[in-house]
1. Restricting attention to the range 25-46, which residues are farther than 19 Å from residue 14 by Cα and among the polar types (S, T, N, Q)?
2. Would you say residue 20 is exposed (fewer than 15 other Cβ atoms within 10 Å of the Cβ) and either charged (D, E, K, R) or not assigned by TED's automatic domain parsing to the domain that holds residue 99 (or both)?
3. How about the range 192-222: which of its residues are modelled with pLDDT of 80 or more, exposed (fewer than 15 other Cβ atoms within 10 Å of the Cβ) and assigned to a helix (DSSP H, G or I)?
4. For the subset of the range 80-95 comprising residues that are outside any loop (DSSP other than H, G, I, E, B) and more than 25 Å from residue 5 (Cα to Cα), which member is nearest to the chain's Cα centre (by Cα)?
5. What are the residues in the range 5-40 that are without any contact (Cβ under 8 Å) to a residue 24 or more places away in the chain and in contact with a strand residue (DSSP E or B) (Cβ under 8 Å, 6 or more places away or on another chain), if any?
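The values are calculated or read from the model by the stated rules, or taken from the named source; none is laboratory data. Here the structure is a predicted model, which means the values were calculated and not measured. Neighbour counts run over all protein chains shown; Cβ positions are idealised from the backbone, glycine included.
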Amino acid sequence: MAADAAEAVQVRGALVRLRRATGLPVAFGGLVENGRRQMRISELNGNATTALSSLAVVSGNGLGGKVVALSRPCAVTDYSASRQISHEYDVAVATEGLKSVLAVPVVVRRRVRGVLYGALRTAQPLGDRVLNAAVAAARDVEQSLVAREEARALLGAVREPEAPAGAAWERVRDAHGALRSLAQRVEDPVLRTELLAVCGRLAGAGAPVRSARAAHLAPREVDVLSCVAGGSTNAATAELLGLRPETVKAYLRSAMRKLGAHTRWEAVVAARRAGVLP
């Protein structure tokens, strides 16, 4: 899946969750175009027309443009009559029949990467519950974009002609553990699969041929071993993975048995030799 298409999927999923959480009849949004001071509305949910589809919103113009420029949420109760925004897009908004509109930015590393909108077809205030849900949806997209950027950077490191060594290899190992922990907290199954695939590439960089023992390890056992490799205690591992300490111990014992190891560190070393960990 191309990067742009994958990112559009994240926006689409966030809009679905926003409508489900708030009951808003319409939600839409898109990402800021690379190298340009505008975002394009690419995803719509609950729309009755195509008036907003592919609309290019310039930074500073309209509600969405104001959000791009200010990097903060903004809302209007009656879009066409509002004095808080400019009105370059009134025709498209009116054609869709929207009145009360909220827009929140998707911000990654202090740069606005997109905007999510929620809207009513009546002129009435959108309360804090709606705002909080919209901000949460934007955070989901932000998390996905950051994870993808990190995954691409790590894949780039793995594709170097020579495998990283020394301190560089330790950074790869740290990143592998962080990505596996992040993957378990990501709700989107597509992104989770992509993150785990990157983890597999990182692990395989150190031992391209996986041993037969590696195939018998459960995903959660690998997660626990990854945390242990990073120096985490059972309690810290439990917190990172959202598990109980007793559950972590059970996974660790099982992994040790499968790898023929007698200690935590022997299990880590065996997992690395097996191509499970980098």
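1. 34, 38
2. Numbers: exposed (fewer than 15 other Cβ atoms within 10 Å of the Cβ): yes; either charged (D, E, K, R) or not assigned by TED's automatic domain parsing to the domain that holds residue 99 (or both): yes.
Yes: the conditions hold for residue 20.
3. Start the filter on the range 192-222 by keeping residues that are modelled with pLDDT of 80 or more, which leaves 217-222.
Still in the running and exposed (fewer than 15 other Cβ atoms within 10 Å of the Cβ): 218-219.
Of everything in the range 192-222, just one residue is modelled with pLDDT of 80 or more, exposed (fewer than 15 other Cβ atoms within 10 Å of the Cβ) and assigned to a helix (DSSP H, G or I), namely 219.
4. Residues of the range 80-95 that are outside any loop (DSSP other than H, G, I, E, B), as a first pass: 80-81, 90-95.
Narrowing further to those that are more than 25 Å from residue 5 (Cα to Cα): 80-81, 90-91, 93-95.
Values: 80: 34, 81: 36, 90: 32, 91: 33, 93: 29, 94: 33, 95: 33 Å.
The residue in question is 93.
5. Here is the first cut: in the range 5-40, the residues without any contact (Cβ under 8 Å) to a residue 24 or more places away in the chain are 5, 20, 23, 33-36, 40.
Answer for the range 5-40, where residues must be without any contact (Cβ under 8 Å) to a residue 24 or more places away in the chain and in contact with a strand residue (DSSP E or B) (Cβ under 8 Å, 6 or more places away or on another chain): 33, 40.
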